[in-house]
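Worksheet for the structure shown next.
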Amino acid sequence: MRNSGKSQKLRDLFNRLRDHPVETDLLPYRNILDEIRVYRFRNLSSEELKTRSETLISRARSGDALDELLTEAFALVDEASRRAIGLAPFDCQVIAGLAMARGKIAELPTGEGKTLAAVFPTYLHALSGRGVHVLTFNDYLARRDAAWMGPVYEFLGLKVGCIQEGMRAPDKQAAYACDVTYATAKEAGFDFLRDRICLERRDLVHRPFHLALVDEADSILIDEARIPLVISGVEERAGWDARGLAPAIKALTPGRDYETDDEHRNVFLLDPGQERIEGMLRCGGLYEQKNQQLLEAVYCSLHAEALLRRDMDYIVRRDKIEIVDEFTGRVVDNRHWPDGLQAAVEAKEGLARRSEGRILGAITLQHFFRLYPKLCGMTATARPSADELKESYELLVVVIPPNKPSVRVDHPDRVFTHREAKRSALVAEIQDVHTAGRPVLVGTASVKESEELAADLGEAGISCQVLNARNDEREARIVAQAGLPGAVTISTNMAGRGTDIKLGGADEKEREKVVALGGLYVIGTNRNESLRIDDQLRGRAGRQGDPGATRFIISLEDDVFERYGLTRMFYEHHRLERQPEALDLRTIQREIEHAQRIIEGQNFGLRKSLWKYSSLVELQRKTIQDWRESVLFAEGTPPILAQKTPQLYQKGLARFGRSGMETFERRAALSHIDRCWSDHLAWITDTRESIHLVSLGGKTPLQEFQRAATAPFLEIRPRVEEAVATDFRRLLKKEGPVDLEAEGRKGPSSTWTYLVNEDQFGFGIEMLQGKNIGFAAGAALYAGPLFVITLIFSKLFKRKKRPG
Ligand code: ADP
Ligand code: MG
């Protein structure tokens, strides 16, 4: 494990010099590890250990630097782990813990025990009494890890809590009040948004943020980072009813009335289609100013009709649309498309419309993470995204070799020209491996693909387990069995993530059998948009020095290639014809990897661009939040009324008393701040189109966006103050006793939270570089149908400019 090679040393030096985002030189960590191993706690009683922990706690709380407490704290965790949960931490786990304690991302392969490694930095930072959040990949893992690691913390006198979706506020408060809280990033984010619309201090669930330790850090900090979390409240919204439009849209003929682009990413209404709609709806010219909302609705309905496929892009369950994540093939809970599109898909499927709300607050996960003063994380696959982690979060990656070196064999891909050839090859290969009794795990790109493959295997007489990410806990149980002899498990890429696959299950004899067969055989049926995600799948084989092998069996017609127009390119470039055998072209393999890198780079570029737009709004959100908090926590003379209406204020004071006036002003100010902020968010959504047009005039859309978003923002404060004063005048006119809390207005009667799924629109980099598209992409963050339109308009615009 020690880096001794001269070339490695040179490389380390070189990396340090050029400010490289990856650390591979572990010597500094090993030195600290040696200091930690000096402590001899083996002979101390549990009571004595607890007393030592208490001493550390009081030292941390009286201001001792964590660095001074670190070695002893780590040594205590080490011993507590042995006693409380029976695991003796490996060196690599302690080193991963050290890297995280220093605010880095620890890369440690799958199955090496990151769950335990996280306890070291978490304990250290929790000593101060300011809560540490361990953010997991899903609710099931939050529950599992809190229960699994809980005894270690408790042994050392710290409290552990766990957050689950749908928990009641008092339970959440209790869980967040613990020293350590396990939760998903999403739920912690939603709780943050809910706190931002609380009207009373007692309703807040979060404490001020301190440290977040993110598990599966690459997925959460990168792949999911641009997803906005949104909180909405009820309020009806005017506009064209998608249900009224659905029949007209269904009456259109594809090809004649509308067409889609090659990548099946955009749909365009053609002239005959436009005329038919105008005829059916008798609405006059569709492109007239007065029909702007209608046009928007028409495009949403078209998008729903022509581009979104049931059982691929979404499924219908319990009369609800559930979105299938394109990236992972999983059904994602609680995710919405932008409002208008969601309504259009519901109309397409003839489902009842769920009440549409108004956005009360939104934040992307990326901005959310940056609210934590300290951030660190762990994953098996960080290195390929090290640059992005550094640029987006100022996080460095520390690569830690496994406890036992990996002996996994990664076979070269088998590449086929077309889908059918790949399908038969998949069945043949699985059959081959399976006959001997060797367990096979197949990672697919979508639910549909999983089901097709399961059917093919069924015909070949092979039974298998299919995981479609419907139930994380049940799935975890199945994946845990994927290492049994003869097991064939098919799963979308991230199903069962975080669950350990033990060869032969718990049985030692079975394990020997599977080891003799070569361990788990992992097959990927698609290359993913990033090499990193391919690596995640490969990592399921060969854990903790086990034998194992991986192979990707793919075709040039796979979605990932078609989406980026690569299929045709490959065919033309190599003058290919369809053939049943695998291609024997080294160059193709290289090209595929090259393409993957380009796609990865594009996605990074897109995220950077989205970041710029969302940062403007985030800055405003922070300003409002600060103000709102000063109102929520204010004590003493209510500033707005006392300053704006001094005479009336005196009157009010005489009538309602000081605390009555405080209550009234707080309630009134909070509800007006929230209303104005919500208006502002809506305004930002609604002005996108004009910005888009302006951007054609040569100004940069980002500047225009900034300008347009700033002026109305500056009016929020005077508007709120005026509204509070008006409410107050009205209050004074009332005779008899009044309920001041109620007078100060209430928040929305009900709220709900969701994720906006904007991935569905798949921006490509060429679009971002286009003059105006950058804006459309940014706008996507503050979801709404208009952004769809922005994209479509720019496409139309390009089409119209083309001569002929
Ligand atoms: P990762 O998150 O890195 O993939 P997990 O935390 O899920 O890994 O742990 C994988 C497996 O390793 C678990 O079965 C766990 O019990 C085991 N394990 C972890 N640490 C140790 C240890 N120090 N000694 C023995 N087994 C361990
Ligand atoms: Mg894990």
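Points to keep in mind about this one:
- Index of the failed condition, Arg143 passing every other in (1) over 26 Å from Gln544 (Cα atoms); (2) surrounded by fewer than 23 Cβ atoms within 10 Å (Cβ to Cβ): (1)
- Odd one out for Ala106, checked against (1) more than 23 Å from the chain's Cα centre (by Cα); (2) within 13 Å of ligand 1 (Cβ to nearest atom); (3) among the hydrophobic types (A, V, I, L, M, F, W, C): (1)
- Residue check, Gly361 out of contact with any Gly (no Cβ under 7 Å at 6 or more places or on another chain), part of a loop (DSSP other than H, G, I, E, B) and at pLDDT 80 or above: no
- Qualifying positions in the range 61-79 - more than 33 Å from the chain's Cα centre (by Cα) and not β-branched (Val, Ile, Thr): Arg61, Ser62, Gly63, Asp64, Ala65, Glu68, Leu69, Glu72, Ala75, Leu76, Glu79
- The one condition in (1) without any contact (Cβ under 8 Å) to a residue 12 or more places away in the chain; (2) in a loop (DSSP other than H, G, I, E, B); (3) small (Gly, Ala, Ser) that Gly150 fails to fulfil: (2)
- Tallying residues that are in contact (Cβ under 8 Å) with a residue 40 or more places away in the chain and surrounded by fewer than 21 Cβ atoms within 10 Å (Cβ to Cβ) within the range 514-528 yields 2.
- Looking across the range 183-214 at every residue that is over 12 Å from the mean Cα position of the chain (by Cα) and assigned to a strand (DSSP E or B), the one that is farthest from ligand 1 (Cβ to nearest atom) is identified as Leu211.
- Here the range 525-560 is the region considered, the condition is being assigned to a helix (DSSP H, G or I) and more than 19 Å from Leu108 (Cα to Cα), and the residue that is farthest from ligand 1 (Cβ to nearest atom) is Asp559.
- Selection from the range 158-169 of residues that are modelled with pLDDT of 95 or more and either under 26 Å from the mean Cα position of the chain (by Cα) or surrounded by 17 or more Cβ atoms within 10 Å (Cβ to Cβ) (or both): Leu158, Val160, Gly161, Cys162, Ile163, Gln164
- For Val522: the one exception among (1) assigned to a helix (DSSP H, G or I); (2) more than 16 Å from ligand 2 (Cβ to nearest atom); (3) not acidic (Asp, Glu): (1)
- If you go through the range 68-91 and pick out every residue that is more than 16 Å from ligand 1 (Cβ to nearest atom), surrounded by fewer than 20 Cβ atoms within 10 Å (Cβ to Cβ) and of a type in the set (A, V, I, L, M), you end up with 1.
- Verdict on Leu371 being under 24 Å from Gly189 (Cα atoms) and either modelled with pLDDT under 85 or surrounded by fewer than 24 Cβ atoms within 10 Å (Cβ to Cβ) (or both): yes
- Scanning the range 49-67 for residues that are among the charged types (D, E, K, R) and either free of Cβ contacts under 8 Å to residues at least 40 places away in the same chain or surrounded by 13 or more Cβ atoms within 10 Å (Cβ to Cβ) (or both) returns Lys50, Arg52, Arg59, Asp64, Asp67.
- One residue stands out in the range 108-147 among those that are farther than 23 Å from Ile533 by Cα and assigned to a loop (DSSP other than H, G, I, E, B): the one that is nearest to ligand 2 (Cβ to nearest atom), namely Gly131.
- Among the residues making up the range 241-265, those that are acidic (Asp, Glu) and within 34 Å of the chain's Cα centre (by Cα) are Asp241, Glu259, Asp261, Asp262, Glu263.
- Lone unmet requirement of (1) closer than 23 Å to Thr381 by Cα; (2) at pLDDT 95 or above for Asp218: (2)
- Any hit, the range 498-507, residues being within 16 Å of ligand 2 (Cβ to nearest atom), within 30 Å of Gly113 (Cα to Cα), of a type in the set (A, V, I, L, M) and within 25 Å of the chain's Cα centre (by Cα): yes
Matching residues to (1) in contact with a strand residue (DSSP E or B) (Cβ under 6 Å, 6 or more places away or on another chain); (2) crowded, with 17+ Cβ neighbours inside 10 Å; (3) of a type outside the set (S, T, N, Q); (4) over 23 Å from Asp313 (Cβ atoms):
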{"site": "Gly443", "(1), (2), (3), (4)": "yes, yes, yes, no"}
{"site": "Leu457", "(1), (2), (3), (4)": "no, yes, yes, yes"}
{"site": "Gln465", "(1), (2), (3), (4)": "yes, no, no, yes"}
{"site": "Ala476", "(1), (2), (3), (4)": "no, yes, yes, yes"}
{"site": "Ala480", "(1), (2), (3), (4)": "no, no, yes, yes"}
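- Selected residue (criterion: farthest from Asn528 (Cα to Cα)) from residues of the range 466-482 that are more than 16 Å from ligand 2 (Cβ to nearest atom) and touching a residue at least 24 places away in the same chain (Cβ under 8 Å): Gln481
- Hits in the range 170-186 - residues which are more than 16 Å from ligand 2 (Cβ to nearest atom) and either aliphatic (A, V, I, L, M) or modelled with pLDDT under 95 (or both): Ala174, Ala175, Ala177, Val180, Lys186
- The range 421-459, residues that are of a type in the set (D, E, K, R) and at pLDDT below 95: Lys448, Glu449, Glu451, Glu452
- You will find that of Val409, Val399, the residue that is within 16 Å of ligand 1 (Cβ to nearest atom), at pLDDT 95 or above and farther than 26 Å from Lys622 by Cα is Val399 and no other.
- Subset of the range 119-161 [within 14 Å of ligand 1 (Cβ to nearest atom), touching a Lys or Arg at 6+ places or on another chain (Cβ under 9 Å) and polar (S, T, N, Q)]: Thr136, Asn138
- Of all residues in the range 372-400, those being away from ligand 2 (no atom under 16 Å from the Cβ), under 17 Å from Asp25 (Cα atoms) and in a loop (DSSP other than H, G, I, E, B) number 2.
- The residues in the range 197-223 that are surrounded by 21 or more Cβ atoms within 10 Å (Cβ to Cβ) and either hydrophobic (A, V, I, L, M, F, W, C) or at negative phi (or both) can be counted, and the count is 14.
- Every residue from the range 407-424 that is among the small types (Gly, Ala, Ser) and crowded, with 19+ Cβ neighbours inside 10 Å: Ala421
- Test: residue in the range 91-107 that is within 19 Å of Pro401 (Cα to Cα), within 16 Å of ligand 2 (Cβ to nearest atom) and part of a loop (DSSP other than H, G, I, E, B): no
- Residues in the range 457-477 that are over 21 Å from the mean Cα position of the chain (by Cα) and away from ligand 1 (no atom under 16 Å from the Cβ): Leu457, Gly458, Glu459, Ala460, Gly461, Ile462, Ser463, Cys464, Gln465, Val466, Arg474.
- Any hit, the range 70-82, residues being more than 16 Å from ligand 2 (Cβ to nearest atom), at pLDDT 95 or above and assigned to a loop (DSSP other than H, G, I, E, B): no
The values are calculated or read from the model by the stated rules, or taken from the named source; none is laboratory data. Everything quoted here is computed from the prediction, not taken from an experiment. Here Cβ is always computed from backbone atoms with ideal geometry, including for glycine, and neighbour counts include all displayed protein chains.
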